[in-house]
1. Can you sort Arg40, Arg166 so the residue with the fewest Cβ neighbours within 10 Å comes first?
2. Excluding residues on the same chain fewer than 8 positions from Lys46, give the lysines whose Cα lies under 16 Å from its Cα.
3. Specify whether the C-alpha gyration tensor of the stretch 1-49 places it in the rounded, prolate or oblate class, a ≥ b ≥ c being the square roots of the eigenvalues: rounded for a/c under 1.5, otherwise prolate if a/b is larger than b/c and oblate if not.
4. Across 5 Å bins from 0, what is the distribution of all Cα-Cα pair distances for the stretch 5-88, in whole percents?
5. Using 32 Å as the Cα-Cα cut-off, could you pick out the over-long pairs in Lys14/Lys119; Lys88/Lys119; Lys87/Lys161?
6. How much length is gained on full extension from Asn123 to Gln7, taking 0.36 nm per residue of separation minus their Cα-Cα distance?
7. Whole angstrom only: what separates the Cα centroid of the stretch 1-70 from the Cα centroid of the stretch 153-180?
8. Counting Lys +1, Arg +1, Asp -1, Glu -1, what net charge surrounds Leu138 among other residues with beta carbon under 14 Å of its beta carbon?
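Readers should treat all values here as calculations from the given coordinates under stated rules, not as data from a laboratory. This one's a predicted model, so the numbers in the text were calculated from it and none came from an experiment. Note: ideal-geometry Cβ built from the backbone for every residue, glycine included; neighbour counts use all protein chains shown.
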Amino acid sequence: MGISDQQIIQGCLKGDKRAQRQLYQQYKGLLFGICLRYSRNREEAKDMLQDGFVKIYRDLYQYRPIGPFGGWMRRVMVNVCLQHIRKKKSWIQDQNVEIESVADQYMAEDDIFSEFRAKALVNMVQGLPDGYRAVFNLYVIEGYNHKEIAQKLDISESTSKSQLSRAKASLRKILEKQML
């Protein structure tokens, strides 16, 4: 019989190394997948994962069992990934881009993404510039709206929209090349 999340949490709060190892083993796959989506490569994702687990262990006392524990850890890991991206800060390009020119240009073809396996899409997303990748993940994968993304990344809503549009356009070009 497996150990429950609550037992693992209690052990981690007491500093039990076995409980910490159990927590890591149980959730590393799920959380590494999140890190891969926000990183440029596996090495950067591993760094994000390590930093994320440090933050999870450190802030575990803040978890309240009103929602799923895995969901709380996901939010922590996404925030750690965003911190990594914000540290670079060089990805903010052309904040004053005219959004209307690119606004809904690619919306009709959005379902092309659903036709590709998740691993292939993750690899393509990893190749995007940091800003495109962050906004794409927050909007498409995590379900945030542009106002929330702007707040999380300390950018304008129009920059969020522009970054998303450019991410989709970049991904579409990659997909078109692969289809030829």
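1. Ascending number of Cβ neighbours within 10 Å: Arg40, Arg166.
2. Correct list for Lys46: Lys28, Lys55.
3. The shape class here is prolate.
4. 3, 15, 28, 24, 16, 9, 4, 0
5. Table pairs above 32 Å Cα-Cα are Lys14/Lys119.
6. Contour length minus Cα-Cα distance gives 38.2 nm.
7. Taking the Cα centre of the stretch 153-180 as reference, the centre of the stretch 1-70 is 30 Å away.
8. Taking every Cβ under 14 Å from that of Leu138, the sum is +4.
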